[in-house]
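Asker: Take a look at this one; I'll ask things after.
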Amino acid sequence: MSATGATTATASRPGRPRRGIGPRTETTLRIVAPVAVGLIVLGIWQFLVSVVGVSDYLLPSPASIVEELVAYWPSVVSATLLTGTNALIGLIIGSILGILLAALASRWRPVDQMSAPVVASLAVIPIVALAPVLNSMFGADSQFGRQAIAALASFVPVFINTLRGFRQTAPVHRELMKAYAATPGQVLRTLTLPTARPFILTGIRIASSLAVISALVAEYFGGPRGGLGGLISTSAASSAYARAWAYVVASIVLGLLFYLVTLGLERMLQRHAPQARRSP
Amino acid sequence: MSETVTQVAAVEARGVDKVFETRSGQVQALDSIDLTVAAGEFVSLIGPSGCGKSTLMRLVADLDEPTGGTVAVFGKSAKQARLDQEYGIAFQSAGLLPWRTVAANVALPLELHGVASATRSSRVAELLEMVGLSDFADRYPDQLSGGMQQRVAIARSLAEQPRLLLMDEPFGALDEMTREKMQYDLVRISAETGAAVVFVTHSIPEAVFLSDRVVVMSPRPGRIREIVPMRLGADARRAERTEELREERAFFDMVTAVREALHGGSPVGAGPRGVETR
């Protein structure tokens, strides 16, 4: 039990224990391995630029990217905050809409059938393609278009996962609730939502990366300046490649941050329901 | 079924039919069932699979509706009885909510019906004491054995002191040792609370040990073949059912009587008497 706990805490899925490696060694390996890969890649990169002589135009060296990152630090921070805020607002609104609509769809079949084509088309249409349209709709000085795009992008995985989660309630639990003459609200609160919780959280985790990507890419299509996406495109357009890369690094960090926070949230809320997914 | 009922019967089924619509046509699950369960009486439903014993219990619980006939629970319609929470129910699988602790699982019906928090926790403590799980109140269901989970489910079914307990093979998944222990506990608990019990099982010794009357059913269509009264004792003596009872001659006679009823009245020849037919 304690061994399982240790491995779960270090991001492995339960039920896949590796034999022959102690949990501590595994943890160390899990951290050391990716760091080593990163360092090796950076080393080769720097080597290609400074020794082999790949032009700065083609590939700026890691050192010059770090230089730009330091030089433009205040701008990097404000850009990250701006894009991050757009992504966060989009993620929250998209998730709330996704959960609400999934709740309606699971409750009333007509809503399900009406929402299915809408969600399918949302999933298929590249949502950032809406950016120019939304920008002209809401004006060039509004962040609303980007937030709307992030919300739309977040909505799809949250909706799909939540709807699936809402359908996981075990027949024995539903009958128990019926035997208790529980009201629909009570069933939702005590049975449906807790059952769906792991699915909802997974949906939000997937959506978190999409929200950042969408909020960022939406900035490529005009609108107010100052976000990471806008700065990447203007830096690249003015041949400041190292600076463009510096903003790319910041976007990667932002995306990771969103992912890790939602992952942490998932872990935290899941701790007391280790077997929620297993049907009785 | 000509017995006179002095007080209102716990369950009264009259001419109950149940037809299921399946892809391959209609299936007659129950055919003109008449059954009365008196208040405080322990009645087992036994029969081969497909005889409709679980269906009958589900009709009493208003989890399904009869196609024909009426089911009354304490003189009310089954639906009204369900809305009024006249019965407690336990299924074959414990059906505990995995994200709730043992105590919170037992408290669930109390919580749903707005029992105050203080009353709730004292009642839960009392119930866990009754099923011998006081030390496990803060555990989660997946940390308990199957037998313990089932005991939690039974504590939950007793939470609101129902006058009627409906149990659908609650010990079906347990090993023999645990099963006998649970049967003994159930006899004790039902005697203590004075609740009527409708108990679905496919174990003859279990039915004999527990019941005041055993209802033997036959399949396709589900009918009551025979109702075997158990001479092992009426309500007053139920508490005296101890482990020794299982070794008494009367016990084996009753087992044989139920077996013969199950086999359509013909004497069961081969095998020593009292051998389990499960």
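Asker: Would you pick out the residues in the stretch A:173-185 that are at the interface with another protein chain (Cβ under 8 Å from one of its Cβ atoms) and at pLDDT below 85?
Answerer: Passing the criteria: A:Ala179, A:Ala181, A:Ala182.
Asker: With under 30 Å from A:Asn86 (Cα atoms), within 14 Å of chain B (Cβ to nearest Cβ) and touching a residue at least 12 places away in the same chain (Cβ under 8 Å) as the only criterion, which of A:Leu216, A:Leu193, A:Leu201, A:Leu188 stands out?
Answerer: Details: A:Leu216 fails: within 14 Å of chain B (Cβ to nearest Cβ); A:Leu193 fails: touching a residue at least 12 places away in the same chain (Cβ under 8 Å); A:Leu188 fails: under 30 Å from A:Asn86 (Cα atoms).
Answer to the selection: A:Leu201.
Asker: Among the listed residues A:Ala11, A:Ala33, A:Ala6, which satisfies the condition of being more than 23 Å from A:Ala236 (Cβ to Cβ), modelled with pLDDT under 75 and assigned to a helix (DSSP H, G or I)? Break it down stepwise before answering.
Answerer: Working: A:Ala11 fails: assigned to a helix (DSSP H, G or I); A:Ala33 fails: modelled with pLDDT under 75.
Going through A:Ala11, A:Ala33, A:Ala6 in turn, just one is more than 23 Å from A:Ala236 (Cβ to Cβ), modelled with pLDDT under 75 and assigned to a helix (DSSP H, G or I): A:Ala6.
Asker: Which of the helices (runs of 4 or more DSSP H) contained wholly in the stretch A:140-212 include at least 1 residues that are small (Gly, Ala, Ser), assigned by TED's automatic domain parsing to the domain that holds A:Arg225 and surrounded by 24 or more Cβ atoms within 10 Å (Cβ to Cβ)? Even if it seems obvious, please write down each step before you answer.
Answerer: On the way: elements: A:144-166, A:171-179, A:184-187.
Where helices (runs of 4 or more DSSP H) fall fully within the stretch A:140-212 and carry at least 1 residues being small (Gly, Ala, Ser), assigned by TED's automatic domain parsing to the domain that holds A:Arg225 and surrounded by 24 or more Cβ atoms within 10 Å (Cβ to Cβ), they are A:144-166.
Asker: Here's a follow-up. Evaluate the stretch A:212-235: report whether one residue or more is more than 21 Å from the chain's Cα centre (by Cα) and among the acidic types (Asp, Glu).
Answerer: Our first condition is that a residue be more than 21 Å from the chain's Cα centre (by Cα); within the stretch A:212-235, this holds for A:221-226, A:231, A:233-235.
Subsequent filtering for residues that are among the acidic types (Asp, Glu) retains none.
Checked the stretch A:212-235: no residue is more than 21 Å from the chain's Cα centre (by Cα) and among the acidic types (Asp, Glu).
Yes or no, residue by residue, for (1) in contact with a Pro (Cβ under 9 Å, 6 or more places away or on another chain); (2) outside the structural domain of A:Asp141 (by TED's automatic domain parsing); (3) under 13 Å from A:Ser208 (Cα atoms):
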{"site": "A:Ile89", "(1), (2), (3)": "no, no, yes"}
{"site": "A:Ser95", "(1), (2), (3)": "no, no, yes"}
{"site": "A:Arg107", "(1), (2), (3)": "yes, no, no"}
{"site": "A:Pro110", "(1), (2), (3)": "no, no, no"}
{"site": "A:Gln113", "(1), (2), (3)": "no, no, no"}
{"site": "A:Val119", "(1), (2), (3)": "no, no, no"}
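Asker: Same structure again: For a quick check of your reading of the model, give me the residue pairs whose first member lies in the stretch B:50-76 and is farther than 12 Å from B:Asp168 by Cβ, whose second is surrounded by fewer than 21 Cβ atoms within 10 Å (Cβ to Cβ) and aliphatic (A, V, I, L, M), with beta-carbon atoms closer than 7 Å and at least 6 apart or on different chains.
Answerer: Cβ pairs passing all conditions: B:Thr67/B:Val19; B:Phe74/B:Val8; B:Gly75/B:Val8.
Asker: What number of residues within the stretch B:121-144 satisfy the criterion of being within 14 Å of chain A (Cβ to nearest Cβ) and either polar (S, T, N, Q) or crowded, with 18+ Cβ neighbours inside 10 Å (or both)? Full working, then the answer.
Answerer: Initially, the stretch B:121-144 is screened for residues within 14 Å of chain A (Cβ to nearest Cβ), giving B:138-144.
Subset that is either polar (S, T, N, Q) or crowded, with 18+ Cβ neighbours inside 10 Å (or both): B:140-141, B:143-144.
So the count comes out to 4.
Asker: Looking only at the stretch A:231-276, which residues are free of Cβ contacts under 8 Å to residues at least 12 places away in the same chain and among the small types (Gly, Ala, Ser)?
Answerer: Matches in the stretch A:231-276: A:Ala236, A:Ala237, A:Ser238, A:Gly264.
Asker: Among the residues of the stretch B:176-185, is any modelled with pLDDT under 85, out of contact with any Pro (no Cβ under 9 Å at 6 or more places or on another chain) and within 14 Å of another protein chain (Cβ to nearest Cβ)?
Answerer: Looking for residues that are modelled with pLDDT under 85, out of contact with any Pro (no Cβ under 9 Å at 6 or more places or on another chain) and within 14 Å of another protein chain (Cβ to nearest Cβ), one finds none in the stretch B:176-185, hence no.
Asker: So if I check each of A:Ala150, A:Ala170, A:Ala116, which one is within 11 Å of another protein chain (Cβ to nearest Cβ) and at negative phi?
Answerer: Of the residues listed, the single one that is within 11 Å of another protein chain (Cβ to nearest Cβ) and at negative phi is A:Ala170.
The values are calculated or read from the model by the stated rules, or taken from the named source; none is laboratory data. On a predicted model such as this, the values are computed, not experimentally measured, just so you know. Because the Cβ atoms are built from the backbone with ideal geometry, glycine has one as well, and the counts that use them run over all protein chains shown.
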